[in-house]
Amino acid sequence: MEVATAMWTAVLVGAVAVYWFVWVMGAAEVKGKRAVSLTMGSITRDKVQDKYKQYWSFFRRPKEDIVAASDNDDVPAFVDTFYNLVTDIYEWGWGQSFHFSPSIPGRSHRDATRLHEERAADLIAARPGRRILDVGCGVGGPMRAIAAHSGAHVVGITINEYQVARARAHNRKAGLHERCEVVCGNFLEMPFDDASFDGAYSIEATCHAPRLEDVYREVFRVLKPGALYVSYEWVTTALYRADNPAHVETIRGIERGDALPGLRAHHEIAEVARQVGFEVVEERDQALPPAEPWWTRLKMGRIAYRRNHLVVSALAALRIAPKGVVDVHEMLCETARHLSDGGETGIFTPMHIILCRKPLLVQGISSSPVLLLLQLSSQRPSAFYFLTSSSSLGDVTLLLQRRERYVLRDRQDLDLAFTLASTNLKILQELLHNFYYIYIYIYIYIYIYRLLPIFLLLLEINSIQFRTKTKTLSTSSAPFLAASSTDLPPPFSSTRSKRKQSFQTACAGCGADLNLSAAHLYPADAYFEAGNKGTLSFSWVDDARFRFAKEDRIMPFFETVNYWGIQRRRTRILCDACGRLLGHIYDDGPPMMRGHGQFGFGPSQAIPRAPRYRFKIKAINISSF
Ligand SMILES: C=C(CC[C@@H](C)[C@H]1CC[C@H]2C3=CC[C@H]4[C@H](C)[C@@H](O)CC[C@]4(C)[C@H]3CC[C@]12C)C(C)C
Ligand SMILES: C[S@@+](CC[C@H](N)C(=O)[O-])C[C@H]1O[C@@H](n2cnc3c(N)ncnc32)[C@H](O)[C@@H]1O
């Protein structure tokens, strides 16, 4: 082979190798950012190194100095600089989601990341029609996963303009730009209206806030009452010892390399949430076993870091990438080491999850005479309760669908009222569906205040039509609240009436024994929405003695002031022997569980009611022993 041919072959092989090394291997993620396009955010090429030095001089100071200097003005500026420096490298080497997730054996990092994000969406009940806030959204990896998974409309906020541009480009490319919005702004002073979101989440972002309470307070402000907020926090765990130099070094290393003004201890998070007014629904460290380690990818990536280091050095030497990129990359290698040390020793977790709810009634809301239409929860936007309040909580009057008026003396009464109210939710929803005009007025009332007088008029007409009873609410007002369906008491306990245990019932038509038991008979004065006049109600019947037939008719009915409508659904009870109609099953029995709804998310969820077997007295023959 001639020398020239050999040389050309070598050049060609070299070029292919460089191409493969930089362009193919250079992107850690499929479709990820390429090494050649490491532009370092919106910093001009010649300023990258200076900006890096500036960043480093701020975050390299002793911790006390950083804390002292960390007011809400300069930290966001340094965080912005940090993200200008690292965003491209993160995307290139990690992907579009800038956070950790527990590894899942047999699944890719991408899948594990997506599942971790979808969990946030599920926790806050994100779904179509809901407006969800992503606090510190990065380039929008989580936002897209959550919008695609839940169908919700997600609005993300980030301090970094470069990330806004990247996130918008990714949203467009993914075809999700109509449901994913990105705003450039400071999450310590968000440019959003009060009560304008149905839910919110923050994934490994609020750790950048100098004072957590400032960001939580903002999130609280923009959420609607009843809405949920989940935050994935970076914290030191109970294993961290401030007197252990190795621990201190690891934590300082994490803070320096991740633009954090100071990591918080795990127990501080819930305190802050409560301090700003949230109810803490749940709190846990998602990194604890049985979760697989989150830091394995960081450790496994060490060979890739060396390759990446070579790539960035080559690109910087060729002036394709700005000069400071090598320093930034080195800083990240160091950070990765501290992070995996923190994970391995268990002194640090990036996934301390806290789920909070903005209470339905915010303290102070009843300080002036107002009429409030309370949206019970973001989970059931169609359900409303009418709440009138005068000067203080003591005078708050809650008009339930039963049209009874409860005088609420304290916060506990109010909670109880909501528990009771939630048992009526199904009926209320049906009512709202049947009477669309009420529904429409409610919405109009909320969005266009001008129609308030008309609404008030309607409300007034309503209360004239249906006399309201005034009751003082106490625990005894809820005699049927049971801890679980198995706790449901037979209406007569054995001590209450031995005599009543022994009676026999037969079908008035054919005389067949109905085996109805006195032990399951409700007292004659028991309250049921659909009433109990001229009938006997049981909590249980022997199925073998009856046939059941569902009845679903569009037919106006008016049984009691608390039970009326235009569509009637109930189940007919027929004698099994002769087919005679004996009564009906109503679903207005005792609530089947206490307080917090089927999924533990509070009283806004419908609590299932036990069936009530209601027999016409005329249809059965009763004989006592
Ligand atoms: C939540 C935050 C960021 C968390 C992680 C997404 C990032 C923390 C450390 C980052 C990385 C470290 C090493 C880099 C490596 C040297 C490089 O070659 C490729 C990118 C890295 C793997 C990079 C990727 C993102 C991190 C894992 C903080 C900031 C609150
Ligand atoms: C580690 S990233 C996480 C991004 C995103 N949650 C994710 O998981 O991909 C942290 C994000 O918080 C944002 N952030 C930090 N401080 C902020 C502030 N004061 N206001 C708005 N965004 C901020 C950063 O710009 C960045 O987008």
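The values are calculated or read from the model by the stated rules, or taken from the named source; none is laboratory data. A quick note: this is a predicted structure, and the numbers were derived from the prediction, not measured. Positions of Cβ are generated from backbone atoms using ideal geometry, with glycine treated the same way; all protein chains shown enter the neighbour counts. Note: accessible area is taken over every heavy atom of the protein model, side chains too, but ligands, DNA and RNA are not part of it. Shrake-Rupley method; radii C 1.70, N 1.55, O 1.52, S 1.80 Å.
Computed quantities for the displayed model
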read-out	value
Global form of segment 219-357, assessed from the alpha-carbon gyration tensor, a/c cut-off 1.5	prolate
Cα gyration tensor shape for segment 514-598, rounded if a/c is under 1.5, else prolate or oblate	oblate
Segment 505-520 - phi-based ³J(HN,Hα) in whole Hz, Karplus 6.51/-1.76/1.60, Gly and Pro as x	10, 9, 5, 5, x, 10, x, 5, 5, 9, 6, 7, 10, 4, 5, 10
Per-peptide average of other Cβ atoms within 10 Å, ordering 220-232, 290-302 highest first	220-232, 290-302
FRET E, pair Arg319, Thr345, Förster distance 35 Å, beta-carbon r, rounded to 0.05	0.25
Rounded to the nearest 10 Å², the accessible area of Asp88 at probe 1.4 Å	0
Heavy-atom accessible area per residue - segment 202-353, 1.4 Å, Å²	40
Rg over Rh [alpha-carbon atoms, Kirkwood Rh] for segment 48-193	1.01
